[in-house]
1. If I go through the stretch 163-209 residue by residue, how many of them are in a loop (DSSP other than H, G, I, E, B) and loosely packed, with under 14 Cβ neighbours inside 10 Å?
2. If A74 satisfies every condition in (1) touching a helix residue (DSSP H, G or I) at 6+ places or on another chain (Cβ under 7 Å); (2) modelled with pLDDT of 95 or more but one, which is the exception?
3. Here is a list: A23, A38. Which entry is touching an Asp or Glu at 6+ places or on another chain (Cβ under 7 Å), touching a residue at least 60 places away in the same chain (Cβ under 8 Å) and among the aliphatic types (A, V, I, L, M)?
4. Can you name the number of the only condition in (1) over 22 Å from D109 (Cα atoms); (2) over 22 Å from the mean Cα position of the chain (by Cα); (3) among the hydrophobic types (A, V, I, L, M, F, W, C); (4) outside any helix (DSSP H, G or I) that I145 fails?
5. So which residues in the stretch 1-30 are among the β-branched types (V, I, T) and under 17 Å from the mean Cα position of the chain (by Cα)?
6. Identify the residue in the stretch 42-95 that is among the β-branched types (V, I, T) and either under 19 Å from the mean Cα position of the chain (by Cα) or in a strand (DSSP E or B) (or both) and, among all such residues, is surrounded by the most Cβ atoms within 10 Å (Cβ to Cβ).
7. Out of (1) modelled with pLDDT of 95 or more; (2) touching a Pro at 6+ places or on another chain (Cβ under 9 Å), what's the single condition that is false for N244?
8. Mind listing just one residue for me: the one in the stretch 96-107 that is surrounded by 10 or more Cβ atoms within 10 Å (Cβ to Cβ) and in a loop (DSSP other than H, G, I, E, B) and, of those, farthest from the chain's Cα centre (by Cα)?
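The values are calculated or read from the model by the stated rules, or taken from the named source; none is laboratory data. Quantities reported herein were computed from a predicted structural model and do not represent experimental measurements. Glycine also receives a Cβ, built like all others from the backbone with ideal geometry; neighbour counts cover every protein chain displayed.
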Amino acid sequence: MPRMNLTDTSAIVTGGASGIGEASARQLADLGSKVVIADLNEDRGQEVASEIGGIFVKCDVSSQEDGAAAVLAASEMGPLRALVNSAGLGRAGRTVDRNNDPMPQDDFDFVIRINLLGSFNMLRQSAAAMAKTDPVDDDGARGAIVNMASVAAFDGQIGQAAYSASKGGVVGMTLPIARDLSAMGIRVNTIAPGLIDTPIYGEGEESEKFKNHLGQSVLFPKRLGSGEELAFMVLDLITNPYMNGEVVRVDGGIRMPPK
């Protein structure tokens with residue numbers, strides 16, 4: 001059975017304006033897919049979309065209307081075959097701080113809304129569009145979805161309660177959704193990245209020193225991973241017809257300490 005052919009198809013990449021999302025969008029485009037960059041960063045999103053022959057849709061992933069707009073835009077370019085749920089954020093905070101004050105409930109809710117509810121919103125709408133397409137092979141395959149969790153889903157650090165809960169939710173929904181969508185020929189997998197060199201660490205000499213320090217805790221290779229390396233796995237999970245219902249750590253073997 002050959003890999004899924006993405007030529008003349010469409011794909012959606014949330015968070016596609018930077019980091020893992022951008023790298024995934026570029027690799028999808030290299031395989032012939034027309035990619036919707038679904039992001040809030042208009043300037044960079046438009047730039048990436050233009051460079052890869054796709055289109056940009058301003059998208060808050062937790063908005064039903066924005067999600068529907070991204071799915072419609074993709075479907076107009078070709079049958080929707082792939083979704084990469086890469087949009088996400090973190091908001092560090094202890095459950096009870098040093099002044100014995102509780103974490104603001106709104107902070108926790110915000111992270112859950114974007115990372116978990118937003119991922120499901122984009123997933124459910126994209127899957128519905130995929131289900132309406134014609135199958136691409138004798139197995140009845142119609143598409144593939146890759147969610148982005150984090151190693152924090154398994155080894156969350158101090159101050160990561162909200163982030164770990166959101167990513168743990170993404171891990172937890174992977175198998176049941178894969179089971180839900182199996183009748184439609186849609187595969188669902190999740191990646192749990194480790195320490196990845198994304199814009200979150202900033203730029204400059206101090207940033208590089210900090211990243212080099214972090215990299216020493218990685219088993220091998222002793223450095224942060226790149227967005228491109230994560231995108232390699234994204235593309236494997238999309239194009240390998242037998243990968244389904246799995247959560248894959250891509251982390252250089254790291255196991256995160258408490259802090």
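1. The qualifying residues number 3.
2. Looking at each condition in turn, A74 falls short on (1).
3. Going through A23, A38 in turn, the sole match is A23.
4. (2)
5. I12, V13, T14, I20
6. So, considering only residues that are among the β-branched types (V, I, T) and either under 19 Å from the mean Cα position of the chain (by Cα) or in a strand (DSSP E or B) (or both), the one surrounded by the most Cβ atoms within 10 Å (Cβ to Cβ) is V84.
7. That leaves (2) as the condition not met.
8. D97
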